Structure formats: structure tokens, C-alpha cells
Amino acid sequence: MLRTLHDHDDWNAEARGETPMQRADRAYAEILQEVRVAQTGVQILFAFLLALAFQARFPAITSFQRGVYVVTLMLCAAATALLIAPAAFHRMIYRKRLKQHLVRVANRMAITGLALLLLSMVSAVLLIMDVVLGLVPALVLAAAVLTWFTMWWFVLPLRTLVREPAVDDRRPDDDEPPG
């Protein structure tokens, strides 16, 4: 890993004119921007879930629906915490010269927060579709939502990592046009 980190630092210095610290600053800014997009969705879902328990029909839901509601609310709370955590973490270690560590931790928090957001959205769909359509259609639709989001949020990026080698991992003849 250390060698890869130094190779990446060398590549950034040559291709972007960035020092390792400038790269860490840019990477953290990119993580914060990405998290801002997800925060809007998780905050709206969380607010909806918090308000749901105070609706007139809430006492009439089944025990299964109540269980799904509790799981959904807790998943959403955990996602909210992890998507906000990079900012709190930064504030706590500010001026301690730990930016590269911050980037590594913030990246893990963001990925885990997105996974929890995905699960909370799937369980919210399960809950709402169970109330509207019944359990069997709700399970089918929740599975479809899980598949759809997993494909775009996780499978496609991981597939890209496998299929598209990083620029510095390519063989010299990879950039030559087919001939």
C-alpha cells in the first residue's frame, strides 16, 4: 500500500502539479461535495420517518410494519450520522496535521453512510408498499429497489475499477490506437 501511495503521489505531482497535501485537500473537498448530495436525501427521508409516527393512522399498522418502521428509522439515523460525520471529524482534528488520515476515514464514512442510506430507502419502500399494496408486492418492489440502487451505486463503480485500470497501471502499448 505504501508503494502505491507514493506512486499515486508521484503521478499527481507530474500530471496535476499537486503535492500530497494539495491532493488530500482536493480529495476531502470532493468527499464533502459528494456527501452534500446524499445528505439532502437522507435528511428528507429522516424527517419523513420522524413525522410518520405522529400520523393518525400510525397506531393501526401491523406489528410487521412497526418493526420495519423501527429498522428503517434506525438505518436512516445511522446513515445520517455517517454522512455528517466527516464534517464533525474534521472539526475535532482541525489543525492537527491529520488531513490524509481524515480523507481515508471520511471516505469510509461516506461509503458506509451510502450503504446505510440504501438500506433505509429499501426498507422505507417495503414499509410504504406493504401499507399500500400488501406484503408480497412490497417485497418484490423492495427487492427491485435494492437491485436498482446497488447496481448504480456499487456494482457499476466496482466493475469500472476491475475493467478500467488506472492510468499508471496500463501497459505502455495500451494508449496506442488499434492498428
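The values are calculated or read from the model by the stated rules, or taken from the named source; none is laboratory data. The model shown is predicted, which means the values in this text are computed figures rather than measured ones. These accessible areas exclude ligands, DNA and RNA; they are computed on the full protein's heavy atoms, side chains included. Shrake-Rupley method; radii C 1.70, N 1.55, O 1.52, S 1.80 Å.
Worth a mention:
- Looking at the chain, the accessible area is 67 square angstrom per residue; that uses a 1.4 Å probe and ignores ligands, DNA and RNA.
- Computed [θ] at 222 nm, deg cm²/dmol, the chain (DSSP H ≥ 4; -39,500 (n - 2.57); rounded to nearest 500): -27000 deg cm²/dmol
- Cα centroid separation - the range 95-162 against the range 37-80, whole Å: 16
- Of Ala144, Ala124, Ala85, the residue with the greatest mean-square motion in the GNM of the chain, using alpha carbon springs below 10 Å, is Ala144.
- Candidate membrane-span-like segments in the chain, meaning DSSP H helices with Cα atoms spread over at least 20 Å of their own axis and a Kyte-Doolittle mean of -0.5 or above, are 20-52, 63-93, 99-133, 135-150, with no membrane implied.
- Pairwise Cα distances in the chain exceed 29 Å in 40 percent of cases.
- Cα extents of the range 69-124 along the three principal axes, largest first (Å): 42, 15, 9
- Over all Cα atoms in the range 12-110, the spread is summed up by Rg and Dmax: 18.9, 64 Å.
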